[in-house]
Amino acid sequence: MMIDTVVLNLEWGKDFEIMEGCYRLFSPDVTNYFKPPYIQFGGRKAVKANRNPTAEDKRTGKYMPRLTLIKAVRRGGIQTILNIEFSAPKIIFNDNFNETTEDDFDYLCVQLGRKLYNMGVVVKNTDTIRDASVSTIHYAKNITLTDYSTTYEVLSEIEKCNYTTNKQLDRQKYRGGGEAIHYYSSKWGLCIYDKLSEYQKSKTTERGLLEKDNYCQLSLLNDNPLVTPFQMIRFEARYISRPQISRSLKEIDVIPESLTLRNLFKENIAQKMLKHELAKLRSTYPAINLTDKEPSQLFTELSVQNPQVQIGTVMQALAYKGLLATTGSRDVRKMGNFSSQQWYNLNKKINALNFERRKLKSFDVIEDQIEEFKPVRLQRYLDK
């Protein structure tokens with residue numbers, strides 16, 4: 001399985017303390033969070049300070065979590081909360097090419113506790129981390145391609161999906177050349193991208209990347225060339241609030257006792273979540289693109305197999321199919337200036353047509369590896 005980014009929430013006094021000499025290491029200094037003269041809210045409901053990996057951490061390539069200390073006015077008084085953002089595989093392996101399993105859980109909690117201590121944060125005990133509340137979690141799977149198929153082929157097909165009709169979606173981004181697709185709202189995201197391309201870009205900049213804190217793995221492949229052929233796609237589902245985590249778990253009929261790290265660091269949950277997101281995405285692929293027939297052949301087939309359908313609908317299907325050969329459905333919608341309802345009605349009408357359909361191999365390769373759910377170990381793919 002793979003769980004990557006997690007945000008834990010700990011309560012000061014109950015779950016953790018901060019060493020006094022480390023107050024100044026936050027930005028801004030948090031001394032007045034704990035000592036008089038205490039910080040003034042000035043009409044604000046909360047104040048916050050951050051502690052991110054240092055220049056020395058980045059120079060040495062040692063992965064460290066990101067901390068956000070929040071002092072807030074809550075019902076019943078003032079509360080101080082520490083948000084701990086970390087990548088589980090980077091805590092364990094110092095990279096996220098290798099994938100975690102459920103067996104890594106205890107080691108993860110111990111290692112995270114040690115890193116927090118090195119940052120001046122003293123957690124009550126390891127169970128505090130195990131049972132910490134989770135407010136963000138990313139489930140992911142690295143998909144390896146070793147049969148001469150390419151990430152470009154897979155991502156170019158996925159780009160044709162009609163996910164803009166999903167009411168959960170606010171925005172989407174594409175990066176040219178079949179490198180990355182990112183569907184997202186304020187509380188949810190689905191990222192599918194070329195992992196090796198992202199890795200190479202991270203060596204020059206962190207801007208525009210779909211993952212951060214790559215400094216710990218920049219030299220990972222310097223002395224260890226990969227076998228040929230080898231490419232990697234990352235399929236990652238991001239849940240960015242407790243209500244969103246709960247809603248998404250309910251969609252797969254999983255209702256944990258509480259949203260804690262212990263309860264969410266589960267292989268069966270990760271697998272179900274990823275299969276569910278892939279199935280939703282796959283269901284939006286334009287059905288008319290599931291044929292390799294030439295336009296004249298397809299026209300004949302559609303006419304014969306859909307005798308009650310108006311010729312205009314057949315022509316619309318052919319035009320849509322022709323445009324999809326060179327671009328994604330998002331661009332087709334933009335070309336036609338379709339409203340949401342018009343776009344939905346057009347796709348519903350075309351998808352209802354009878355015709356011979358081919359299998360969608362680009363989705364099959366992702367689905368097969370999520371179904372197998374075998375953790376990636378990069379050592380297997382090194383050219384020794």
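Numbers below:
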quantity: Residue in region 181-196 that is modelled with pLDDT of 90 or more and over 14 Å from the mean Cα position of the chain (by Cα) present; calculated: yes
quantity: Leu108 being part of a strand (DSSP E or B), crowded, with 19+ Cβ neighbours inside 10 Å and modelled with pLDDT of 95 or more; calculated: no
quantity: 2 or more residues over 30 Å from the mean Cα position of the chain (by Cα), aliphatic (A, V, I, L, M) and closer than 20 Å to Met2 by Cβ: qualifying helices (runs of 4 or more DSSP H) within region 314-384; calculated: none
quantity: Test: residue in region 333-341 that is out of contact with any Phe, Trp or Tyr (no Cβ under 9 Å at 6 or more places or on another chain), of a type in the set (S, T, N, Q), free of Cβ contacts under 8 Å to residues at least 12 places away in the same chain and surrounded by 12 or more Cβ atoms within 10 Å (Cβ to Cβ); calculated: no
quantity: Filtered residues of region 1-49 (kept if part of a loop (DSSP other than H, G, I, E, B) and under 30 Å from Ile269 (Cβ atoms)); calculated: Met1, Met2, Lys14, Asp15
quantity: Condition broken by Val73, with the remaining ones in (1) modelled with pLDDT under 95; (2) among the β-branched types (Val, Ile, Thr); (3) touching a helix residue (DSSP H, G or I) at 6+ places or on another chain (Cβ under 6 Å) satisfied; calculated: (3)
quantity: Qualifying residue in region 369-383 (condition: under 22 Å from Leu190 (Cβ atoms), in contact (Cβ under 8 Å) with a residue 40 or more places away in the chain and of a type in the set (Lys, Arg)); calculated: no
quantity: Per-region count, region 32-65, residues over 30 Å from Leu218 (Cβ atoms) and either under 25 Å from the mean Cα position of the chain (by Cα) or not hydrophobic (A, V, I, L, M, F, W, C) (or both); calculated: 11
quantity: Restricting region 66-114 to residues that are among the aromatic types (Phe, Trp, Tyr) and within 21 Å of the chain's Cα centre (by Cα), the residue that is farthest from Asn214 (Cα to Cα); calculated: Phe105
quantity: Within region 88-126, tally of residues that are under 20 Å from Asp15 (Cα atoms), touching a Gly at 6+ places or on another chain (Cβ under 8 Å) and touching a residue at least 40 places away in the same chain (Cβ under 8 Å); calculated: 2
quantity: Odd one out for Glu301 among (1) closer than 30 Å to Val227 by Cβ; (2) buried (at least 17 other Cβ atoms within 10 Å of the Cβ); (3) out of contact with any helix residue (DSSP H, G or I) (no Cβ under 9 Å at 6 or more places or on another chain); calculated: (1)
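The values are calculated or read from the model by the stated rules, or taken from the named source; none is laboratory data. Just so it is clear, the model here is predicted, and its values are computed rather than measured. With ideal geometry, Cβ positions are generated from the backbone for all residues, glycine too; neighbour counts draw on all protein chains shown.
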